[in-house]
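FYI, it's all coordinate maths here, none of it is from the lab. Computed from a predicted structure; not experimentally measured. Reconstructed Cβ throughout: ideal geometry from the backbone, glycine too, with neighbour counts over all protein chains shown.
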Amino acid sequence: MRAFRLLSWIPAATWIGMRAYVGQYDGWGAWAAAPLLLVPVAVSAVFVGIGLLLSVSSRAACSATADRVAIGIAALPLLWIALRLATS
């Protein structure tokens with residue numbers, strides 16, 4: 001679980017990077033580059049799944065808060081997409 005906590009920032013960092021990359025385009029270019037945003041969403045889904053499996057399998061109560069924070073950080077791209085779908 002320690003490795004997961006150290007790597008949980010990767011989905012959020014890839015989301016920020018891909019948003020910056022897609023943001024440099026306008027019009028049809030942004031529309032054509034937008035599928036690249038699915039990469040961090042897929043990475044986020046994998047990380048959240050792994051985090052949930054690891055947290056269920058380890059029953060150490062002392063690190064439960066840190067595990068939840070790591071899973072929350074890994075879930076940021078998924079939460080962003082869910083928020084965008086709910087508000088538009």
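Neighbouring Cβ atoms within 10 Å as the yardstick, rank M1, M18 fewest first.
Fewest to most other Cβ atoms nearby, the residues stand as M1, M18.
Below 8 Å, C-alpha to C-alpha, sequence gap of six or more: please give me the relative contact order for segment 2-87 in percent.
For segment 2-87, the relative contact order is 44 percent.
Taking the beta-carbon count within 10 Å as an exposure proxy, list S55, S88, S63, S44 from fewest neighbours to most.
Going from sparsest to densest Cβ surroundings: S88, S63, S55, S44.
Work out how much length R59 to A30 would gain on full extension: take 0.36 nm times their residue separation and subtract the Cα-Cα distance, in nm to one decimal.
Between R59 and A30, full extension yields 6.0 nm more.
For the chain, with only Lys/Arg (+1) and Asp/Glu (-1) charged at the beta-carbon, what is the dipole magnitude about the Cα centre, in debye rounded to 20?
280 debye
Fewest first, what order do W9, W28 take by the number of other Cβ atoms within 10 Å?
W28, W9
Using semi-axes √(5λ) of the Cα gyration tensor in Å as the read-out, say which of (i) 24, 16, 12; (ii) 30, 12, 9; (iii) 21, 14, 12 was calculated from these coordinates.
Recomputing semi-axes √(5λ) of the Cα gyration tensor in Å here gives the entry labelled (ii).
List, in order, the whole-Hz ³J(HN,Hα) value for each residue of segment 33-38 obtained from phi through the Karplus relation with A = 6.51, B = -1.76, C = 1.60 and θ = phi - 60°; use x for Gly and Pro.
Calculated HN-Hα couplings, in order: 8, 4, x, 4, 6, 6 Hz.
Calculate how steeply helix 76-87 sits against the longest principal axis of the alpha-carbon atoms of the chain, using the helix alpha-carbon long axis, and give the answer as 0 to 90 degrees to the nearest 10.
60 degrees
Which FRET efficiency value, to the nearest 0.05, is calculated for I10 and T87 with the Förster distance at 25 angstrom and r the Cβ-Cβ distance?
Here the calculated transfer efficiency is 0.45.
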